[in-house]
Every structure is written in C-alpha cells, then in structure tokens.
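The values are calculated or read from the model by the stated rules, or taken from the named source; none is laboratory data. These numbers come from a predicted model, not from an experiment. For neighbour counting, all protein chains shown are included, and Cβ atoms are generated from backbone atoms with ideal geometry for every residue, glycine included. The protein model used for the area step is the full one, side chains on, heavy atoms only, and it has no ligands, DNA or RNA in it. Shrake-Rupley method; radii C 1.70, N 1.55, O 1.52, S 1.80 Å.
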Amino acid sequence: MTTEKESSAAVADLLHDAGEAGRADAADQPRLTDAARKRRRRKIAALGGIGVALAIVILIIIRALSGSNPLPSIPSELPHHVSDIYGVNQPMGVAVSPSGDRVYVTESEGSRLVRVFDSSGHQIGTLQPNSGNGSFRLPVYVAVSPKTEEVFVSDRLREAIDVYSPSGKYLRALRPPGSSSGKANPLGLAFGPEGGLYMTDVGGSRQNHRVLVLGGSGSKSLRTIGSRGMFWFPNGLAVDGKGDLYVADSNDGRVAIFNPAGKLVSAIARGVGEGDLALPRGIAISGDRLFVVDTTAQTVKVFHLHGNVAELPTYIGSFGGEGIGNGQFRYPNGIAIGRNGRIYVTDRQNARVQVWEY
Amino acid sequence: MRKSARFAFVVGCVVSLSIGVGTAAADNGPHVKGQGLTPDTCAACHRAHTGKAPYNLKENQEALCFTCHGTTGTGSNLDVQDGVGYSGTGRSGGAAGALRGGGFKYALINTSEPKPVRTETGKLVEATIPALGTSELKETTSAHSVDESSQIAWGNGPISSTSEMGKSISLTCGSCHDPHGNGNYRILRPIPTEAGTKTEVKIPDATTKVYTTTNYWASWDTNQMEFEYKVSEWCTQCHTRLLAGSGSGNANSGDATYTYRHRTSYTKEEWEKSAPPKAKPNCIQCHVAHGTDATMGANASQVAYPNGVVGKETSFLLRLDNRGVCQTCHNK
C-alpha cells in the first residue's frame, strides 16, 4: 500500500516535471506555419475539452464524497430549496456546529429558548438559562465557537450573552459593558479566525451602536469597531478567514465592510437597483460567497467576494420571495451555513427554518 | 503548456461550472419621513398594484410594524408586544424599562402594589404604581386588539336612547398612529381611522421623548403637559359617549347604555388651575393605551361589557388589579 507521504512525493515530482517542461517549451518556441497553427488550435480545443471533462469529473467526485452539493467556486449558481424544519415559534437566529451535525435555532415567541436539531431536522434538545420562565428572556442570535464548540446566545431582554457547553449545559452569562454606561445590549454574534467573539451592541441611542470584539472566551473587551453614529441597529455579523468583517447595518439598509484593522473600506448600499439592500439582518460567509438576508425584501441576496476586501462584492442573485409556499419567506431573519454547504434560513412569520442547498 | 492552451483549459472549466443567474427585486428599509422627491422607502411597506392589505400594504400591517417594534423587532428599542423599552428608547436615548402604554402580549405593571400617599384626612397627595423589571414580563389580561379582528368601539356614536353600544370596527397599529410621522405626540393621528369624527385633536410632539416609566400612576408626561388635558378628547373620538364632564356621575346623559358616567373631561383651564401634575380624571389615569397585566377577582371578573357579555378580558386596560384605580383616589 502506498503511504500518504509517498503519494505526496510522487505528486510533487510530477508537478516539478510539468513546470520544467513548461519553461523549456516557452524558451524554445519557434515561428508557426499554417499547419502548425491548425495543430495548435486543435490542441487548444482539445485541452479546453479536457478542462470541461476534468471539471465535471471533479464535481462528480466531490458530490459522491460529501453527500451534499458543495459551494461552487465560480459565482454563478444560486441554491435551491430542499426542506424545512418546523417546530420553532418565530425563529430569529440560527447557527450550525462546526461538524454540521447540530443546528441551533432561537425561538423568540412561546417558550423563548434555543431549539437544537440534528442535521436531518429532528429536534434533539433545547437550551435555556438556569432560571426564569419563558417570559423572562428573549434569545435572538446564536453563534458556535469553532474552537470550543460552545454555544453563544444573545438575549435582548436580559442584556446578556448566554454560553452553553457543546452538550447543552448552561455555563455562564456574559454582560459586556455599554459604550456610555450600563450594560451593552448584544444582538448579532460571530466568531473571528483568531477566536474572538464579535457582537453588535444596540444599547443606547444610535450614537452608541457599535461592534464589540470580545476575547478570553468573551470575558474581556478587546476593541470596538465603528465610530459614533456609524451604525443604526446593526444586526448580523460575519467574519471571513482573513479577519475581514461584514456588518448588517440594518436600519441604514447596508452591509458595512471592514478590513482586519477595523477600517471601513466599502459597503453594499440601500437602494432599488439589483443587489441593493432594504433591511439586512442575518449575514453569513461561505467560501467566496456572502449571503445577506434582506428581511423586508423577503429574500436572501448572494454576493461574490473577490478576495480583496476593498473591492465591492459582486451581486449574483437572490433566492426566496414573499409567500408561504416552499422556498418562500415571510420575514426571514437569520442565516447559517454548514460545512457541507447546506444553508439554513429562519423564516420568522412562517414559523420554520428553511434548508437550501447547491 | 502554452499560455493560450492554459487559458483554454481555464475557460473550459469556468464555462462548465457556470449557470445563469437570477434577478431580484430590490426593496427598502424602515419608514422615515423626509426622503425627498424620489423616496426609496415607500416600497418597504407598500405595493402600488399588488398590495395584500388595506392602504396598498404589501403585508398585514401588524406583521410589518412588529418587524421593528415587536418582540422580534431588532430595528427599534420599542417592543410594544412585550411592553419593553430597551436602553436608548426614543432616538434621544432614554432609559430602559417598562413602556408607558403597557404591552400587547406582556406588560410590566406591578398591578397589585399601589403605594398611595395621603394626608391625615385621607386625601391623596401622590401615588406610585411600580413598574416591574424588564425580565419580569407578565401576560396581558386585556389589550387593544390590533390584529384587524372585528370588535366594538364601545361608546362610539352620539347619545342614543336606544341600546346602541358602538359600531363594529377593526384596529391595527395604523388606526391610531401615523407611521409616516405627523409632528403629533406619539405620531397619533389627529383623527383615528375608525373614529368616524371630523374634528381633529392635535397634541404637539414632545421635544424630549420619554417612552418608559417607573411609576404607572404618573400617567402624565412632563415633557408635553398638553397631552394631559387633551388625551381624553383624543380617546373619545372612538369612545365618543365616554367623554363626560364634572358631575356626570349623578346626571343622566339620556343614553340608554352610557347613562351615568365617571368624569373623563378635563379642560385646559382646569388643568392650569391644578398644576403641577397630579392625578387627573382623564382616560389614561386609570387605563393604559396598549395592554395591562392587571387581574380581576371574583366580582370584578364578572363585570360585563356594555352589551352584557362577560368576556375573558375583564381587566379593561386598567392599571391596577380589581378596582385599585378607584380606591387610590376615592379611598373608601
């Protein structure tokens, strides 16, 4: 049996040989005759065809291995609706565990707790703080630590972030300080690549709305992002692998985009054109895709990220639409994407979580 | 590999993976007055030709309003369903706490523990109805229904010698409030849509807006005292025959249903004589606008609506359990 190390060495040798051959080819390139040009065109066409075939083969292999369609790397395709998860009263936030086997959904009406589902949509448990009845709390957004798999839930009524272990045990409540006085009012939650917990704070007047980055498992404030008055009820957050931050600045109708240093570098704006936003709330990133839940537009808008945070994301299209049918929304709010590319969107007024796939 | 061949290879991969993209209708965000000549926020709530609710609304009005101002309203500090104002209530940034008008599903009124302060002769000096903490929500026992369901506007219409209780109406948020803003206190419509009256009641807006309270007995607003002597006039645009002046408790109104009535009318001249603010016999001294968590005992829970029906909601938007509001003033 060939070991993994031997396989890697063989691949490296092949790549080296191909590189050498390419360089020699370029150095010795002669002037072409007509026949040579025809041969070259045929060769180009043949290689193009090989490219197509190779891509198809790769897609087939990936599909076979993952069991779920992955996000394509080319920004041209929109997902399709596959199923719904019912049993949640006015769902708002949603998050998926790093392994993808657990889906956490906040329920803002009725029992007001977090419902936990398996990847098939079967409820396997609930999360709630140690004390208080259903009226005493209001879970809104949820995020799962990629490192510890602890579950963080913002509670607007209690002005706190409740933390649960991966097994569902209630651990503690975080109450970050407010920007002017008192406590912060946490809303959106997301983890950065360095492990910091990003949260939107809507406590106080608009002048005080901000993004706060917490470290040490959320126990201390690391830094604040956004100047006074920059945000107006910021909701969802997403941080890419490089630390670029995307904030659904909801009432301003935009997605504000920051570089890792916390500098505002671009924004997807409000408007009536294609890709313009209305009331963005939930937001998520997967690969080179940015997904923005536009609540009053009743859609999820999809953008292509170019890899350069200063470059405005390109609008690809949207999915959803207003209604009660399959794949239609009534006030969607939160969004999360599992490792397998499965997209979960809370459909608030239809009391369900919609599942979409590529 | 030649450059052109490499290019063809990449193009082949790209083409094979690409699929046509769909289009999307853009929409707009929260309502804001003063959007200029080409406002882009109209479409947040309205559809010119494909509306699904009155006023060309794209959606049931209650769901639209509660997207920002309800339990799931992450775009406002005013949650009128829970009766909670979060820190920063009002754009000037008020304190967190219980909303002055109560809530439609939950309220934060400590309805069982009024704290009246009296003179030695028993005359009321001041009183407190404490507000509960924001994590102590209690389910409402009565509330104005804003779900467009059919209900009776008790007392609507002129004095009648026959049993005319009031007309049937349906209410939603916009029945009382103008979502586009109108310069009035709490963006109250000068004439509620279901009132059927023609005389406007305008209460100028307060410069400093205070939406929360720690004392539900203090129904007045020190930032807009005009509210205090005009509010009954405003409420009784719908509840017409409940507007009653001094002495109405002993004077037959001539109405078959609303015959003897507690005073609710309070004029500006009377108000000016009695300032500074204290309890006034107006509508909101005893009732909240949105909903209450007051509970009723054996007798109070059997009080019927004017049509004789004993309903589930016998707390009638009162600020205290049973008839605590009567006792606080009258001390019997």
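Structure values in brief
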quantity	calculated
Set A:281, A:352, A:348: member being over 25 Å from residue A:192 (Cβ atoms), crowded, with 24+ Cβ neighbours inside 10 Å and either in contact with a Lys or Arg (Cβ under 6 Å, 6 or more places away or on another chain) or at pLDDT 95 or above (or both)	A:348
Residue satisfying condition, being farther than 22 Å from residue A:349 by Cα and either within 13 Å of chain B (Cβ to nearest Cβ) or open to solvent by less than 40 Å² (accessible area, probe 1.4 Å) (or both), within set A:272, A:293	A:272
Test for residue B:162: is it over 30 Å from residue B:133 (Cα atoms) and at pLDDT below 95	yes
Residue satisfying all of: in segment B:183-235; in contact with a Ser or Thr (Cβ under 7 Å, 6 or more places away or on another chain) and under 19 Å from residue B:270 (Cβ atoms); most open to solvent (accessible area, probe 1.4 Å) among these	B:229
Filter result (modelled with pLDDT under 95 and of a type outside the set (Lys, Arg)) within segment B:305-318	B:305, B:306, B:307, B:308, B:309, B:310, B:311, B:313, B:314
Single match in B:299, B:307, B:322, B:282 (criterion: on the phi < 0 side of the Ramachandran plot and buried (at least 18 other Cβ atoms within 10 Å of the Cβ))	B:282
Those residues of segment B:130-150 which are closer than 16 Å to residue B:289 by Cα, more than 14 Å from chain A (Cβ to nearest Cβ) and of a type outside the set (Ser, Thr, Tyr), in sequence order	B:131, B:143, B:144, B:146
Residue ID - farthest from the other protein chains (Cβ to nearest Cβ), chosen from residues in segment A:275-290 that are at negative phi and not in a strand (DSSP E or B)	A:288
Some residue of segment A:193-211 being without any contact (Cβ under 8 Å) to a residue 40 or more places away in the chain, more than 14 Å from every other protein chain (Cβ to nearest Cβ) and over 19 Å from residue A:248 (Cβ atoms)	no
Cβ pairs under 7 Å, 6+ apart, first in segment B:252-281 and more than 30 Å from residue B:305 (Cα to Cα), second assigned to a loop (DSSP other than H, G, I, E, B)	B:277/B:220; B:277/B:222; B:277/B:225
Tabulated pairs, segment B:308-332, first farther than 28 Å from residue B:126 by Cβ and touching a residue at least 60 places away in the same chain (Cβ under 8 Å), second open to solvent by less than 70 Å² (accessible area, probe 1.4 Å) and part of a helix (DSSP H, G or I), C-beta under 6 angstrom, 6+ apart or interchain	B:314/B:301
Spans of helices (runs of 4 or more DSSP H) in segment B:235-332 with at least 1 residues under 18 Å from the mean Cα position of the chain (by Cα)	B:283-286
Qualifying position, being open to solvent by 30 Å² or more (accessible area, probe 1.4 Å), modelled with pLDDT of 95 or more and aliphatic (A, V, I, L, M), among B:294, B:275, B:256	B:256
Strands (runs of 3 or more DSSP E) contained in segment A:177-260 and holding at least 3 residues aliphatic (A, V, I, L, M) and closer than 15 Å to residue A:161 by Cβ	A:186-191, A:210-215
Enumeration of residues in segment B:61-94 that are closer than 20 Å to residue A:293 by Cα, in contact with an Asp or Glu (Cβ under 7 Å, 6 or more places away or on another chain) and either at pLDDT below 90 or open to solvent by 20 Å² or more (accessible area, probe 1.4 Å) (or both)	B:69
Scope segment A:110-164; condition part of a loop (DSSP other than H, G, I, E, B) and aliphatic (A, V, I, L, M); matching residues	A:113, A:138, A:157
Residue under evaluation residue B:331, criteria (1) in contact with a Leu (Cβ under 8 Å, 6 or more places away or on another chain); (2) surrounded by 21 or more Cβ atoms within 10 Å (Cβ to Cβ); (3) at pLDDT below 95, criterion not met	(2)
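To keep it simple, each residue is scored yes or no on (1) within 21 Å of residue A:284 (Cβ to Cβ); (2) surrounded by fewer than 21 Cβ atoms within 10 Å (Cβ to Cβ); (3) in contact with a helix residue (DSSP H, G or I) (Cβ under 7 Å, 6 or more places away or on another chain).
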residue: A:160; (1), (2), (3): no, no, no
residue: A:166; (1), (2), (3): yes, yes, no
residue: A:169; (1), (2), (3): no, yes, no
residue: A:176; (1), (2), (3): no, no, no
residue: A:179; (1), (2), (3): no, yes, yes
residue: A:182; (1), (2), (3): no, yes, no
residue: A:187; (1), (2), (3): yes, no, no
residue: A:190; (1), (2), (3): yes, no, no
residue: A:195; (1), (2), (3): yes, yes, no
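To keep it simple, each residue is scored yes or no on (1) under 30 Å from residue B:133 (Cβ atoms); (2) at pLDDT 90 or above.
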residue: B:192; (1), (2): no, yes
residue: B:199; (1), (2): no, yes
residue: B:210; (1), (2): yes, no
residue: B:224; (1), (2): yes, yes
residue: B:239; (1), (2): no, yes
residue: B:242; (1), (2): no, yes
